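Worksheet: one structure, shown below.
Rule-based calculations on the coordinates, nothing more; no lab input. This is a predicted model, so every value here is computed, not measured. For neighbour counting, all protein chains shown are included, and Cβ atoms are generated from backbone atoms with ideal geometry for every residue, glycine included.
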Amino acid sequence: MNLFDLRGGIHPEGRKNLSAAHPICALPVPKRLFIPLQQHIGAPAQPVVAVGQNVLKGQLLATAQGALSSAIHAPTSGVITGLGDCTAPHPSGLAVPSITLDSDGESRWIALIATADPFQLTPEEISQRVAAAGIVGLGGATFPSALKLNLSHGVQTLIMNGGECEPYLTCDDRIMQERAAQIMQGIQLIAHAVAAQEVLVGIEDNKPEAIAAMQAAAKNTSVKVTAMPSMYPMGSEKQIIQVLTGKEIPAGGRPADIGVLVHNVATAFAVQQAIVEGKPLISRIVTVSGGAIKVPCNLEVLVGTPMQELIDFAGGYVQPAARLVLGGPMMGQQISNPAVPVVKGTSGVLALTTAEIGQAEPAPCIRCSSCVRACPVGLLPLEMAAHIRTANLSGAVNLGLKDCIACGSCSYVCPAHIPLVHFFNYAKGDLTAQERTKLKQESTKKLAEERSERIARIERARAEAAAKRKAAREAKERAAAAKLTTEAV
Amino acid sequence: MNPIAHSPHAHAPITLSKVMMTVMMALIPATLYGFWLYGWSAVMLWMISIFAAIASEALVVRWQGRGVKTALLDGSGVLTAWLLAISLPPTAPWWIAVLGSVFAVTICKQVFGGLGQNVFNPAMAARVMLLISFPLEMTTWVSPVDGMASASVLGHVKTELTRGISMDTSLVGHFSMLDGLVGNRIGSMGETAAILLLLGGVFLIFRRIITWHIPVAMMLGVAVPALLFHSIDSTHYASPLVHLLSGGLILGAFFIATDPVTSPNTAMGQLIFGAGCGLMTWIIRTWGGYPEGVAFAVLMLNAGTPIIDHYVKPRIYGRDRKGVALPVKKG
């Protein structure tokens, strides 16, 4: 297939060989699970269980709140022991509302409704079942998948993202090798649900076994499995679309604007499980890796499992871990508390050594423009950072701050070790806060205006009523006076 | 556990000092050749330049109340002094080197705010300051062959032209392509050996410290007008070869004009900048008062860098060249 060029991009050291050869292995069910109510973009789910209640594996624990939300199910059977807070899988380490579930060790499923011929289902039924199964994008963005299906009906091209361009991560690589048939069925179900005309699977060429497995599974189907050059950030939505179709998403738009829908390959597996076997999304594949981990591996982990259990299963540390990261090293988040739970969007648990991080004190920018060459979007990171440094947000926006995909390529290549992408995320946060304040002020102003208008209206009505009453009284008086006059005459 | 850091949690194995060291490595062959040609006086000049740069930078940084160690460890001051030293006449007196180095790192760099803040290339600004202030010391050349005082190729043809002697005649016995390539000609300490400088330049491109845009554009910027005018009137206009292999053109194209701080940051901007440097060099050499124009040309284009960067920006993904979002095209 004809591929298009990616602008910029970098070649970080892959280090996928640490875990790539380890087949997926199920992590034993932990004694206690902490299941956050927000594991997706959008509103947190609403609990439908009570403390002390016994639940079965796959039972609904919390329902979606509105369209941009997702349901959450019990990862195993047991008893609900708490509806409270747990530490968020986020650098802030703040508390998030969550459900605590103590496993009974029996893993008893609820009654599952299997579907013999899933392709008889209508697109609406598929998207309803995907929503009911609590499926979100497993590539890391955790956007509710059903909503994406609903918004993308009738797209020309369905792209399945098997890029996995983040270093270290091999979870998608392994799932494509080991569960290609189910993934392919999931892909066809998604294609059926959105009535896509063509289906492309993009896999980086550093995963030859996965490509071979997917190509074998795609035989006798119209799905095209394509090897893409290994380059970061190939697995980013905008970039994979550009490389496979040559199209660009208009600024501020969505893939559907150019007739494209992108899903992760692991999401396709979850869709297949939900539609064909009736299983909700309660587990995912997580790569446990990094120079500090004794036996890097790929684990099938129940949502809500504390990160420490994964590290212990992988044999613990062989070297002191300088940094614990959830996700990949390029865009993942540092975690300070290893008790945080694995959530639906957790692709990796990394324990990195000082040497792997390669951190150094930031130095002055020498305008070498390595960042300009690395940027896959065509931005000028050095200029944007200079504007943000002087709190000139509008200057940074004019240079394309809102188009930044936060891939971190600029920070990675900077010889001065300037945390460029940190500047951009900080500025984006500031911008959001400013916009929110502005909206608030505008709505306050609108309310105040409405109030004074309302008061004026009431005053007017009162005055009118008073005038009417006065006129009526005067008319009455005049009539009475006239009567008196006639009587006198 | 370390304090919370933002992603990425990995970094390319590069630092500022590694960048500076790589450029210095690329300069070693041409510099050693200069030492070999001119002997101990050249070595001393080089050492004095670097020492003066380190000492004055340390002093100024201390005055500013900044960390002396971090400011010196990046190696940018040493590199500036090195570039200045190899663009001085090998027999220049020691105080020329001291003055130039101190001027370069303090007035041209630290006064602007230190590394990365200067508008003009410090080595070239210092060289031009010296040339204007001490024209005699800065234009006294000796031949590397016999050690006799002599004039450079560009200086010689310029003088001869004013005496009405045509260029075809004046160049005979004064320019040979082979001498120009190996550096067996009159000139600054490290600017003459075209082959060794090219070697260093290609090494820098290969190591991705610089890109090909500025050097290629600058050489074309000289060669294209030279070819045009030479083919029209060879008695008044030197051939592209003479231009490329004399003065400090190769040194300037690969090591001076490519200074990241003072050059544009997009590929297109760098092409414009490089071509401008080349064209200005050719204009100054051809019609200007000075026989050599690389330093002046680079400084002029340094001043133009902010304008080039203002107008030349890459197209952003999902937008057209004007920054307007691309149209929505479903299906």
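Table for the structure above
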quantity: Sequence of B:K313, A:K402 once ranked by neighbouring C-beta atoms within 10 Å, starting from the fewest; calculated: A:K402, B:K313
quantity: Cβ-based net charge around A:A466, under 13 Å, with every Lys or Arg adding one and every Asp or Glu removing one; calculated: +3
quantity: Potential lengthening between A:A141 and A:S336 on full extension [0.36 nm per residue; Cα-Cα distance subtracted]; calculated: 68.1 nm
quantity: Value of Rg/Rh across chain A [Cα atoms, Kirkwood radius]; calculated: 1.16
quantity: Order of B:S101, B:S150, A:S222, A:S369 under a 10 Å beta carbon neighbour criterion, fewest first; calculated: A:S222, B:S150, A:S369, B:S101
quantity: Sequence ranges A:106-119, A:11-24, ranked by mean other-Cβ count within 10 angstrom, highest first; calculated: A:11-24, A:106-119
quantity: Ellipsoid equivalent to the range A:168-269 - semi-axes via the Cα gyration tensor, in Å; calculated: 21, 17, 11
quantity: Cβ neighbours within 10 Å from other chains - mean over B:307-318; calculated: 6
quantity: Inter-part distance where the range A:332-365 and the range B:182-218 are each reduced to a Cα centre, Å; calculated: 42
quantity: Hull volume in cubic angstrom per residue (convex hull over the Cα atoms of the range A:1-71); calculated: 252
quantity: Cα gyration tensor shape for the range B:1-47, rounded if a/c is under 1.5, else prolate or oblate; calculated: prolate
quantity: Under the Debye formula (equal points on every Cα, no solvent term), log10 I(q)/I(0) of the range B:88-225 at q = 0.19 Å⁻¹; calculated: -1.34
quantity: Computed helical MRE - 222 nm, the protein assembly as shown, DSSP H runs ≥ 4 contributing -39500 (n - 2.57), nearest 500; calculated: -13500 deg cm²/dmol
quantity: For the range B:282-291, 3J(HN,Hα) per residue [Karplus equation, 6.51 cos²θ - 1.76 cosθ + 1.60, θ = phi - 60°, Hz, x = Gly/Pro]; calculated: 5, 4, 5, 4, 7, 10, x, x, 9, x
quantity: Value of D in µm² per second that Stokes-Einstein yields for the range A:1-149, Kirkwood Rh from Cα pairs, at 20 °C (1.002 mPa s); calculated: 119
quantity: Cα gyration tensor shape of the range A:300-357, rounded if a/c is under 1.5, else prolate or oblate by comparing a/b with b/c; calculated: oblate
quantity: Peptide A:372-380 - average C-beta neighbours from other chains (10 Å radius); calculated: 5
quantity: Fewest-first ranking of A:R7, B:R285, A:R451, using other Cβ atoms within 10 Å as the exposure measure; calculated: A:R451, A:R7, B:R285
quantity: DSSP-defined antiparallel bridges as percent of all bridges, the protein assembly as shown, nearest 5; calculated: 60
quantity: Average projected area [Cα convex hull, the range B:185-311], square nanometres; calculated: 7.8
quantity: Cα-based equivalent ellipsoid of the range B:147-197: semi-axis lengths in Å, sorted from largest, via gyration tensor; calculated: 22, 12, 8
quantity: The range B:9-116 - Kirkwood radius from inverse mean 1/r over Cα pairs (Å); calculated: 14.5
quantity: Rounded to 10°, Cα long-axis angle of helix B:153-162 versus longest principal axis of chain B; calculated: 60
quantity: Once the Cα gyration tensor of the range A:363-461 is diagonalised, semi-axes √(5λ) in Å; calculated: 44, 11, 9
quantity: Value in Å of the Kirkwood radius, where the protein assembly as shown supplies the Cα pairs that are averaged; calculated: 31.2
quantity: Gyration tensor (alpha-carbon) shape descriptor, chain B, a/c threshold 1.5; calculated: oblate
